[in-house]
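Right, one structure below, let's go through it.
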Amino acid sequence: MNLLRDKILILLFIFFGLLGLFTNVCADTLKYIDSSRQGTLTIEDVLDKEIPLFLKRYNIPGAAVTIVEDGDIQWFRGYGLADKARGRPIDSNTIFQVASCSKSVTAWGVMKLVEEGKLELDSPVEEYLKSWSLPHSQYNSSKITIRHLLNHAAGIAKVNYPGTHPSEKLLSLEESLTGKFGFKVIGEPEKKFLYSGGGYTLLQLVIEDVTGMAFSEYMQKEILKPLGMDNSSFDFNSEVHEKTAVAYGVMGQQLPNYLFTEKAAAGLYSTSKDIAKFMAAYTGETSFGKNILSKENLSLMYTSQRENYALGCILGTLPNETKVVWHGGANRGWRSRFMICPEEGDGIVILTNSDNGEKLITEIASLWIEWKDGSKPQFYHESKKEALITRIIALLLAVGAVIYSIITSLNIHSGRTRVNIKKPILHVVIHVFMPMTIMILWYMFFYLGSFTQGWAVAAFMPQGFGWLTLAVFLWGVVFGIRGLFLKKKSIHNVEGRN
């Protein structure tokens with residue numbers, strides 16, 4: 001009876017203690033940030049107040065943010081560090097890899113050739129290829145057009161390029177198209193939306209074959225320079241290297257600056273201000289890039305083609321139905337996003353040098369949208385809901401592990417369980433090494449990217465995933481100790497002793 005009473009008291013103590021912990025852990029998730037509505041604060045004031053807190057919360061070294069209003073750059077701010085070891089701060093000249101935002105810039109290069117009559121959007125891409133041929137497939141590859149490649153409707157297998165370590169030799173463009181992450185047609189063109197970097201790698205080759213110029217040279221001459229993107233390049237040369245921030249992983253560790261053969265899909269180096277110039281050019285009413293594309297082609301570029309994807313950009317609407325053109329990017333150690341309302345000329349650019357950057361981008365983009373529209377977007381509420389669910393699961397797992405441990409301890413105290421380290425090998429393997437193996441594999445998969453071409457999967461998980469990892473590891477430790485040292489006495493032995 002005393003033992004039962006002790007168990008009840010301990011469980012009640014645990015329950016109320018963990019309830020308090022739950023309240024503290026989830027407070028950040030449940031908090032609705034409405035600081036943008038406080039008094040006469042501007043959006044700039046709000047960002048200055050909130051972003052340093054976000055950097056600390058999500059373990060992100062730095063970020064660069066630029067705001068565009070009425071088609072012109074109105075505000076820039078660098079937060080945190082470009083290089084933690086050297087204490088180098090982020091400023092307006094700090095260069096980032098902008099990952100898949102490269103696709104949007106590449107699309108302008110393609111549309112420039114369309115405007116000049118050197119490409120036709122609806123002509124088969126095979127007509128323009130000189131140095132490489134489409135691979136054989138069971139589908140009719142001859143139907144793949146330039147438009148299909150631009151809007152991811154070519155039926156190409158999904159490709160997320162991990163990049164190449166700077167100490168390794170880069171593949172040629174043709175080798176990339178035929179290699180491990182090569183161009184594979186897995187569906188009939190125009191039937192469905194399949195997001196893939198492979199289509200943009202092929203467009204990179206098309207540009208080279210049609211112009212007779214290296215892709216990066218053509219883009220520098222025809223797009224980046226006319227747009228005034230003076231700190232941007234598809235080549236990682238010495239000048240770019242000097243200004244580029246250091247990339248960091250999900251645990252805050254320094255990562256190599258992975259390089260890309262597939263520049264059109266993922267290889268642009270740029271600053272927040274330069275991306276703002278490019279973004280502002282979508283309005284057609286700014287001094288940036290006025291003579292690159294006609295208004296008709298600009299409008300075509302952000303006209304929906306398939307699944308809210310246009311020609312190199314994604315289409316969306318704010319809660320008040322205002323049209324927004326945007327794209328995001330994720331390379332190892334980098335995250336990026338730009339958003340522009342072309343009819344109003346208002347937009348924002350967010351660049352970070354961390355695998356954890358998507359959470360920061362969600363927060364900043366939500367603040368900006370709330371400021372413009374008066375309410376936070378749906379993706380903000382979804383992210384907070386996912387974070388709350390993740391933390392609740394983590395808490396329940398942790399509670400279970402603690403309760404299990406306490407009950408086991410009480411059984412030891414009562415004599416129902418005794419220590420015995422003489423275990424059969426099979427028992428040790430199952431009860432000790434298996435939990436350890438699960439913990440190791442969990443860490444390798446989610447944090448090292450050992451089975452995902454180096455991508456740290458934890459970076460794409462909801463906020464609070466770290467708590468879930470700790471809960472899983474706690475169970476692993478509990479099971480490991482329980483399996484190694486503890487053995488239940490038989491009921492007969494217990495009754496015999498009594």
What's the number of the condition residue 120 fails, among (1) modelled with pLDDT of 95 or more; (2) in a helix (DSSP H, G or I)? (2)
Can you tell me which residue in region 191-228 is nearest to residue 100 (Cα to Cα), limited to those that are among the β-branched types (Val, Ile, Thr) and surrounded by 21 or more Cβ atoms within 10 Å (Cβ to Cβ)? 201
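Yes or no, residue by residue, for (1) modelled with pLDDT of 95 or more; (2) hydrophobic (A, V, I, L, M, F, W, C):
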site	(1), (2)
303	no, no
307	no, no
313	yes, yes
327	yes, no
338	yes, yes
350	yes, yes
361	yes, yes
372	no, no
376	no, no
For region 123-166, the count of residues that are farther than 17 Å from residue 177 by Cβ, at pLDDT below 95 and among the basic types (Lys, Arg) equals 1
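Return the only residue of 326, 334 being within 26 Å of residue 173 (Cα to Cα) and either without any contact (Cβ under 8 Å) to a residue 12 or more places away in the chain or within 19 Å of the chain's Cα centre (by Cα) (or both).
Of the residues listed, the single one that is within 26 Å of residue 173 (Cα to Cα) and either without any contact (Cβ under 8 Å) to a residue 12 or more places away in the chain or within 19 Å of the chain's Cα centre (by Cα) (or both) is 334.
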Run residue 345 past the list (1) of a type outside the set (A, V, I, L, M, F, W, C); (2) buried (at least 23 other Cβ atoms within 10 Å of the Cβ); (3) closer than 17 Å to residue 279 by Cα and report the number of the one that doesn't hold. (2)
Anything in region 308-323 that is under 26 Å from residue 147 (Cα atoms) and more than 20 Å from the chain's Cα centre (by Cα)? List them, or say none. 310, 311, 317, 322, 323
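Filter region 70-105 down to residues that are acidic (Asp, Glu), at pLDDT below 95 and either in a helix (DSSP H, G or I) or touching a strand residue (DSSP E or B) at 6+ places or on another chain (Cβ under 9 Å) (or both), then give me how many there are. Spell out how you get there, then give the answer.
Just the residues of region 70-105 that are acidic (Asp, Glu), to begin with: 70, 72, 83, 91.
From what is left, the residues that are at pLDDT below 95 are 70, 72.
Now restrict to residues that are either in a helix (DSSP H, G or I) or touching a strand residue (DSSP E or B) at 6+ places or on another chain (Cβ under 9 Å) (or both): 70.
Residues flagged as acidic (Asp, Glu), at pLDDT below 95 and either in a helix (DSSP H, G or I) or touching a strand residue (DSSP E or B) at 6+ places or on another chain (Cβ under 9 Å) (or both) within region 70-105 amount to 1.
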So for region 354-363 (the condition being in contact with a Leu (Cβ under 9 Å, 6 or more places away or on another chain), buried (at least 22 other Cβ atoms within 10 Å of the Cβ) and over 26 Å from residue 73 (Cβ atoms)), does at least one residue qualify? yes
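Within region 194-252, which helices (runs of 4 or more DSSP H) (wholly inside it) include 1 or more residues that are at pLDDT below 95 and not assigned by TED's automatic domain parsing to the domain that holds residue 264? Write out each step before concluding.
Details: elements: 197-211, 215-219, 238-243.
By residue number, no helices (runs of 4 or more DSSP H) qualify.
Could you pull out the residue among 112, 103, 118 that is more than 22 Å from residue 330 (Cα to Cα) and buried (at least 17 other Cβ atoms within 10 Å of the Cβ)?
On the way: 103 fails: more than 22 Å from residue 330 (Cα to Cα); 118 fails: buried (at least 17 other Cβ atoms within 10 Å of the Cβ).
Just a single option satisfies the conditions, and that option is 112.
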Can you find, within region 348-375, the residue that is nearest to residue 279 (Cα to Cα) among those that are in contact (Cβ under 8 Å) with a residue 60 or more places away in the chain and assigned to a loop (DSSP other than H, G, I, E, B)? 353
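The values are calculated or read from the model by the stated rules, or taken from the named source; none is laboratory data. Remember, it's a predicted structure, so these values are computed and weren't measured experimentally. Because the Cβ atoms are built from the backbone with ideal geometry, glycine has one as well, and the counts that use them run over all protein chains shown.
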